[in-house]
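To start, the structure under review is shown below, and the notes come after it.
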Amino acid sequence: MSNLSLPRLAANTIRFLAAEAVQKANSGHPGMPLGMADTAVSLWHTFLKHNPQDPTWVNRDRFVLSAGHGSMLLYSLLHLSGYDLPLEQIKQFRQWGSQTPGHPEYGHTPGVETTTGPLGQGFSTAVGMAITEQWLAAQFNKPDFPVVDHYTYVIASDGDMQEGITHESAALAGHLELGKLIVLYDDNNISIDGPTSLSFSEDVRQRFAAYGWHTAVVDGLDGTAVTQAITAARAVTDQPSLIACQTVIGYGSPNKANTAGIHGAPMGDEEIRLTKEALGWPLDKPFYVPDEARAYLDTTERGAAQQALWDDLFTNYRAQHPAQAAQFEQMLSGDLPPDWLENLPQFETGSSLATRAASGKVLAGIVPHIPAMLGGSADLTGSNKTDVKGTGHISRGDFHGRYVYYGVREHGMGAIMSGMALHGGVIPYGGTFLVFTDYMRGAMRLAALMHQRVIYVLTHDSIGLGEDGPTHQPIEHLMSLRAMPNMWVFRPAEANETAVAWQMALERLDGPTALILTRQDLPTLSANTTAGAKRGAYVVSDTLAQNIHNREEPQVLLLATGSEVEIAMQAQVLLAEAGVGARVVSMPCWELFATQPQAYQDEVLPPHITARVAIEAGVTLGWERYVGTHGRVIGLDHFGASAPYEELYERFGLTATAVVQAARALL
């Protein structure tokens, strides 16, 4: 080993930590770390600005391993550079309770910036981080005070390049000229099925050049060449950069290098031994870390010094620009301004307003007073009502606006918003039609998994959108989102519930929220809905009748969300005329209701009242949770049709008459 240069010594250390951790776990992906170790060492030793003693330092560079299957590359780098990730955790790779899960998980391992695994997600999340860096710099940097000044680096794979989400986010990154986004592409021509030539023949560099990216190609096994390419990329300030690093998957392995067999399976003890011989590594020292390699990659002193310099810069910034500094710190904290609720509108009873329009009015009231809010839409701004007049939008060369035109890129938008939230300083919200969550579901799931405050404005929520027909009418989407852990799903019944939904989404710090909003107008119930809506479900109205015990109480519970609460109210009137007492319960957020004390849940839904009818313009699956085995659910277990929405509700039986018939049958 004495003949090895320090960069190659460090790279080989990473190679064998990865290979042996995968072998010990008998599970994992050794090929990518073996191939990309030299490239990673060049980036982490020479360029990456970070402080292992403070992984949350705001002005650190962000590093995203989009090729998350190669997680041992990242864990080895974190361990060697000084993060609180001891060697014992490397040895516990993929084991219960370890800090080294199969794919990197945000919040689980210090230094991991985002959860990656599904290919393309990390790449696209990094685009959101780069947008946020440039946006915050535009808001807060002053001459001689670059308080926001860092890069976003990505290691991506052939699989990342093939996933559709990467096309979406890369195109937007090029359009916005994100000059501080640098992607190192592990161009090794091997995927799980075999050579990428089986299915992949495009010129990735030409594609990215067409997106407006600066591109280069280097020998990824030549650390000096990689260093030169990154230096050149950093000098290009008006384009993101793609550096195609030509590598050999499983580099050093005599029998498995450059084959699909080393992509996602342990090498085997004998092949590891042969690889050690080929690369001149000690055969009898498992998980060996030479002192020189650790010293070469250890960043604790350099990182602490870089952060100390920034701390001094910000101290002087605060002295000269106190208002901006205070706002910057408040935005980074994630807290909302103390007086923001004063600008949350209330809506008068008797008015009629689509909940998407009410949402637009809420945004008009609060966005000017919550400077961290950064909105957008996937080419449906007028329909989603997500823009706020006078706040402007970001564009190439000008990031002072408060709005992002994402284009027709729902999935890219979802992941980009996660990147914004992960970066910090921003509360992202973005709109599309509810039916198009089919395209962005992967990103939404990761936002829920990472506990990120991302707000999805999902309009045209049912057959109520009418004439566009079944392709645009969501049927199963509402319930499928409710099935997603840690996703709050609000389907407000009217304008004031919509305001509450926004309040709860903004005040929530541990996960994303989906706002499910109507195209059609709905009557405003009462300003008194606020307290109940904050608890996820509440009693809208009671009519009483004498029961068999000579007590006056509701005989039947009518449960609904969104536009169907109005139908339940109409049914309540008809039942009262027939001498039947009914309670109307609005349930805008099941997840929030489930967190309430059992006493409150029983107060809203008395257990002894088993005659229950639920009505919702979507699949009936799931409502049995609240109506029980003896209740009825009026919904849609089939696709919609193209017609005016009033006729669709009538023909599909979503009517007050149908609710009355169901209630009377139960009684």
- Query: Of all residues in the range 494-514, which are of a type in the set (Asp, Glu) and either free of Cβ contacts under 8 Å to residues at least 24 places away in the same chain or crowded, with 24+ Cβ neighbours inside 10 Å (or both)?
  - Reply: Glu494, Glu497
- Query: Within the group Gln346, Gln307, Gln327, which residue is assigned to a loop (DSSP other than H, G, I, E, B) and touching a residue at least 40 places away in the same chain (Cβ under 8 Å)?
  - Reply: Gln346
- Message: Looking only at the range 622-635, count every residue that is assigned to a loop (DSSP other than H, G, I, E, B) and surrounded by 21 or more Cβ atoms within 10 Å (Cβ to Cβ) and tell me the total.
- Response: 2
- Query: Among the listed residues Arg453, Arg491, which satisfies the condition of being open to solvent by 10 Å² or more (accessible area, probe 1.4 Å) and modelled with pLDDT of 95 or more?
  - Reply: Arg453
- Considering only the range 271-304, state which residues are within 27 Å of Lys256 (Cβ to Cβ) and without any contact (Cβ under 8 Å) to a residue 40 or more places away in the chain. Glu271, Arg273, Leu274, Glu277, Ala278, Leu283, Asp284, Lys285
- Does Gly442 qualify as being open to solvent by less than 10 Å² (accessible area, probe 1.4 Å) and either within 30 Å of Glu647 (Cβ to Cβ) or part of a helix (DSSP H, G or I) (or both)? no
- Note on the structure: Looking across the range 192-227 at residues that are in a loop (DSSP other than H, G, I, E, B) and touching a strand residue (DSSP E or B) at 6+ places or on another chain (Cβ under 6 Å), the single one that is surrounded by the most Cβ atoms within 10 Å (Cβ to Cβ) is Gly220
- Filter pass, Gly102 being open to solvent by 10 Å² or more (accessible area, probe 1.4 Å), at pLDDT 95 or above and touching a helix residue (DSSP H, G or I) at 6+ places or on another chain (Cβ under 8 Å): yes
- Within the range 367-402, of all residues that are in a strand (DSSP E or B) and over 20 Å from Ala443 (Cα atoms), the one nearest to the chain's Cα centre (by Cα) is Ser395
- Meets criteria (among the hydroxyl-bearing types (Ser, Thr, Tyr) and not in a loop (DSSP other than H, G, I, E, B)) for Thr56: no
- Message: So, in the range 521-531, how many residues would count as being surrounded by fewer than 21 Cβ atoms within 10 Å (Cβ to Cβ) and either part of a helix (DSSP H, G or I) or in contact with a strand residue (DSSP E or B) (Cβ under 7 Å, 6 or more places away or on another chain) (or both)?
- Response: 4
- For Thr125, work out the one condition from (1) outside any helix (DSSP H, G or I); (2) out of contact with any Phe, Trp or Tyr (no Cβ under 9 Å at 6 or more places or on another chain); (3) of a type in the set (Val, Ile, Thr) it doesn't fulfil. (1)
- So Gln473 fits all but one of (1) farther than 23 Å from Gly419 by Cα; (2) open to solvent by less than 10 Å² (accessible area, probe 1.4 Å); (3) not in a loop (DSSP other than H, G, I, E, B); what number is the exception? (3)
- Message: Residues that are over 23 Å from the mean Cα position of the chain (by Cα) and in contact (Cβ under 8 Å) with a residue 12 or more places away in the chain: does the range 152-175 have at least one?
- Response: no
- Message: If I filter the range 171-191 down to residues being touching a Lys or Arg at 6+ places or on another chain (Cβ under 8 Å) and part of a helix (DSSP H, G or I), which single residue comes out as least open to solvent (accessible area, probe 1.4 Å)?
- Response: Leu172
- Message: Checking Gly120 against (1) in contact with an Asp or Glu (Cβ under 7 Å, 6 or more places away or on another chain); (2) surrounded by fewer than 24 Cβ atoms within 10 Å (Cβ to Cβ): exactly one of these is not met. Which one?
- Response: (2)
- Item | Residue match in the range 649-666 (condition: closer than 18 Å to Trp590 by Cα and either at pLDDT 95 or above or open to solvent by less than 20 Å² (accessible area, probe 1.4 Å) (or both)) | no
- Being surrounded by 19 or more Cβ atoms within 10 Å (Cβ to Cβ) and either farther than 22 Å from Glu494 by Cβ or without any contact (Cβ under 8 Å) to a residue 24 or more places away in the chain (or both) narrows Gln555, Gln546 down to just Gln555
- Leu80: farther than 25 Å from Asp510 by Cβ, part of a loop (DSSP other than H, G, I, E, B), in contact with a Lys or Arg (Cβ under 9 Å, 6 or more places away or on another chain) and open to solvent by less than 10 Å² (accessible area, probe 1.4 Å), yes or no? no
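Table: residues versus (1) β-branched (Val, Ile, Thr); (2) outside any strand (DSSP E or B); (3) open to solvent by 10 Å² or more (accessible area, probe 1.4 Å).
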| site | (1), (2), (3) |
| --- | --- |
| Val565 | yes, yes, no |
| Ala571 | no, yes, no |
| Leu575 | no, yes, no |
| Val584 | yes, no, no |
| Pro588 | no, yes, no |
| Gln596 | no, yes, yes |
| Tyr600 | no, yes, yes |
| Ala617 | no, yes, no |
| Thr620 | yes, yes, yes |
- Note on the structure: Pro470 fails exactly one of (1) touching a residue at least 60 places away in the same chain (Cβ under 8 Å); (2) closer than 15 Å to Cys589 by Cβ, namely (2)
- Message: Given (1) in contact with a Leu (Cβ under 7 Å, 6 or more places away or on another chain); (2) closer than 23 Å to Leu522 by Cβ, identify the lone condition not met by Gly622.
- Response: (1)
- Within the range 269-304, the residues that are assigned to a helix (DSSP H, G or I), surrounded by 13 or more Cβ atoms within 10 Å (Cβ to Cβ) and acidic (Asp, Glu) are Glu271, Glu292
- Message: Would you confirm whether or not the range 1-12 contains a residue that is within 17 Å of Val226 (Cβ to Cβ), outside any loop (DSSP other than H, G, I, E, B), among the polar types (S, T, N, Q) and open to solvent by less than 10 Å² (accessible area, probe 1.4 Å)?
- Response: yes
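The values are calculated or read from the model by the stated rules, or taken from the named source; none is laboratory data. Model, not experiment: these values are computed from the prediction. Reconstructed Cβ throughout: ideal geometry from the backbone, glycine too, with neighbour counts over all protein chains shown. Side chains included, ligands, DNA and RNA excluded: accessible areas come from the protein's heavy atoms. Shrake-Rupley method; radii C 1.70, N 1.55, O 1.52, S 1.80 Å.
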